[in-house]
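Report on the structure given below.
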Amino acid sequence: MDPSLNQRVTSQDADRRNDSRKAGPGDTAPDSIPALNRCLVLVGMMGAGKSAVGRQLAQRLGLPFLDADTEIEKAAGCSIAEIFEQYGEAHFRDGERRVIARLVDDGPIVLATGGGAFMDADTRALLKEKALTVWLNADFDILWDRVSRRTHRPLLQTADPKGTLKRLMTERYPVYTEADITVVSDEAPKDETVNRVLAAVSDYIEGETK
Ligand code: S3P
């Protein structure tokens, strides 16, 4: 991956952040969470709803939203599938680690991360230190229903994608429990999941300030 990637990500972020602060038609008053002075980072499996929930959450909070996968693709100039295919997973993980480190350093945003990001020990340590992490916890049927409709995820291009998804869940769920907050992502409407996250984050911050 391009070594200047971090730099480019920073200036793109600044532009986007300015854009996302502009009010637009249909904007509602932000839900405020007192003392939310760091990034809100969504972690969890592919198909857990991190991007969709994150986008709505950011709108409700009046914060910029960024998707780490999208930022990696922009910086690399190609899709995640192409990065995996041409350079391999380890290279993707290096880029993912660097991009996330840069994004969380840039002030409060809502950030959706790819399913493997929190599995990286360095990224996990960084997020624990600098961000508030929310695990969107979904069960197998929900995840399978969502991921089986799409074909862009390289890790699921296997002979047995169901088995692969199960294996990844088994490996990852014990680590995801290390997130600060866990919120169930089920078949409830997205705004209901967003409400759950907002309530859980408020409670968490209240608990911290006691
Ligand atoms: C991955 C999840 C993907 C993407 C990449 C690897 C993973 O993101 O980062 O394909 O390791 O689970 P989503 O969780 O947004 O699908």
Problem - Hey, residue 42 under 21 Å from residue 123 (Cβ atoms) and modelled with pLDDT of 95 or more or not - result: yes
Problem - When residues of segment 149-178 are limited to those that are surrounded by fewer than 10 Cβ atoms within 10 Å (Cβ to Cβ) and either within 28 Å of residue 78 (Cβ to Cβ) or touching a residue at least 40 places away in the same chain (Cβ under 8 Å) (or both), the one nearest to the ligand (Cβ to nearest atom) - result: 149
Fill in the blank from the handout: The condition of being modelled with pLDDT of 95 or more, within 13 Å of the ligand (Cβ to nearest atom) and touching a helix residue (DSSP H, G or I) at 6+ places or on another chain (Cβ under 9 Å) holds, among 72, 109, only for 72
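Please pick out the residue among 48, 75, 58, 131 that is surrounded by 17 or more Cβ atoms within 10 Å (Cβ to Cβ) and closer than 15 Å to residue 185 by Cα.
48
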Exercise for the section: Go over the candidates 43, 53 one by one and state the one that is away from the ligand (no atom under 11 Å from the Cβ), within 11 Å of the chain's Cα centre (by Cα) and closer than 25 Å to residue 208 by Cα. Expected result: 53
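Taking the criterion of being small (Gly, Ala, Ser), within 12 Å of the chain's Cα centre (by Cα) and either over 30 Å from residue 209 (Cβ atoms) or modelled with pLDDT under 95 (or both), would at least one residue in segment 17-32 satisfy it?
no
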Completion exercise
Checking 88, 95 in turn, the sole residue that is in contact with a helix residue (DSSP H, G or I) (Cβ under 7 Å, 6 or more places away or on another chain), more than 20 Å from residue 55 (Cβ to Cβ) and of a type outside the set (Ser, Thr, Tyr) turns out to be 95
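The values are calculated or read from the model by the stated rules, or taken from the named source; none is laboratory data. Nothing here was measured: the structure is a model prediction, and the numbers come from that model. Reconstructed Cβ throughout: ideal geometry from the backbone, glycine too, with neighbour counts over all protein chains shown.
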